[in-house]
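Notes follow the structure.
The values are calculated or read from the model by the stated rules, or taken from the named source; none is laboratory data. Because the structure is a prediction, the values reported are computed rather than measured. Counting neighbours? That spans all protein chains shown, and the Cβs are built from the backbone with ideal geometry, glycine included.
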Amino acid sequence: MSLLYPRLDRLLGAVTLREHRNKTLRDLEKAAEVEDPTAVYAATGGAVVSPGYFAELVHGVRALAVDLSYPNPASDAVRVTFDRRLGVHLHDTMDISPAEAAAREVWTFLAVRALPDIVAWRFGFDNEERWLGSDLTRHAFGRLWWQAHTLGVSDGDTWRYDLVDVLSESELNQIFERRSIGGNPTLVRAIARAVQQVPPPTGVSRRFVIRDVTKRIRRLLPFTSFQSLPDHILDARICGLLHVSGETLARESGSG
């Protein structure tokens, strides 16, 4: 049975976030908690997570951060590494269903109550979307769980995450912020596999190729059921679109 996590609504989350802004990382860590009388749980869908299990999860997240320089400032490379490891850790450890992971209030609690020091270390306070679950494609933790869930491949009782490291942060954003694509795990995994097979032409950024190919895929979505295609046909189709995007951009830039 999957687990249910405490939920904190946006208003209470915003109030707490304002209180956090002037605190040091050490103070935020001291203020962190996995139990809160103002939190609520879903009425059905699993068993309520125990405080002990939740505390172990939080400890694991901090341990990952400590391994990568926390509480010292992190470089861009360190932040990327942390995100990739954290997404897999959350997906493997939280034991939640996609329905529970779609609840914005779950991620608000995790960021604002349970791990405020980690969010402040990773993102600071400039963007509330990193803290409050208003947009899960941008949330500090929610977006990583969904990336791992979408790019991961279930193999019996375990998951394989080979594709998690294929795409850069900006490329992942281009895909997941387009919900018609990012909400289709079969299609997202096919894009990641195709990117490994079709390098961009010389002088063309892969980021721009992916931006272009997502536009082409969106134009085809009303007429094509990508998820119903066998993997070998789907991969060939996406590889073909990537090739067309790359060659088109190369011609437009004069590098092709």
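Cβ-Cβ distances below 6 Å connect the following pairs, each with a first residue in segment 17-40 that is among the aliphatic types (A, V, I, L, M), a second residue that is in a loop (DSSP other than H, G, I, E, B), and a separation of six or more residues or different chains: Leu17/Trp131; Leu25/Pro71; Ala39/Pro6; Ala39/Leu8. Scanning segment 212-236 for residues being assigned to a helix (DSSP H, G or I) and buried (at least 17 other Cβ atoms within 10 Å of the Cβ) gives a total of 7. Just one of the numbered conditions (1) closer than 29 Å to Ile96 by Cα; (2) surrounded by fewer than 17 Cβ atoms within 10 Å (Cβ to Cβ) is not true of Arg189: (2). Tallying residues that are assigned to a helix (DSSP H, G or I) and within 29 Å of Gly124 (Cα to Cα) within segment 140-196 yields 23.
Yes/no per residue for (1) of a type outside the set (Asp, Glu); (2) touching a Leu at 6+ places or on another chain (Cβ under 7 Å); (3) closer than 26 Å to Gln196 by Cα:
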position: Arg79; (1), (2), (3): yes, no, yes
position: Trp131; (1), (2), (3): yes, yes, no
position: Arg143; (1), (2), (3): yes, yes, yes
position: Gly156; (1), (2), (3): yes, no, yes
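Would you confirm whether or not segment 21-43 contains a residue that is over 16 Å from Arg113 (Cα atoms) and in the same structural domain as Ile96 (by TED's automatic domain parsing)? Yes, there is a match, as at least one residue in segment 21-43 is over 16 Å from Arg113 (Cα atoms) and in the same structural domain as Ile96 (by TED's automatic domain parsing). Suppose the filter is within 21 Å of Asn127 (Cβ to Cβ), part of a helix (DSSP H, G or I) and under 20 Å from the mean Cα position of the chain (by Cα); does Arg62 pass it? Taking the combined requirement at face value, the residue does not satisfy it.
Residues of segment 107-139 that are surrounded by fewer than 23 Cβ atoms within 10 Å (Cβ to Cβ) and in a loop (DSSP other than H, G, I, E, B): Gly124, Phe125, Asp126, Asn127, Ser134, Asp135, Leu136, Thr137, Arg138. What number of residues in segment 149-181 are surrounded by fewer than 21 Cβ atoms within 10 Å (Cβ to Cβ) and within 17 Å of Ala99 (Cα to Cα)? Residues in segment 149-181 being surrounded by fewer than 21 Cβ atoms within 10 Å (Cβ to Cβ) and within 17 Å of Ala99 (Cα to Cα): 2 in total.
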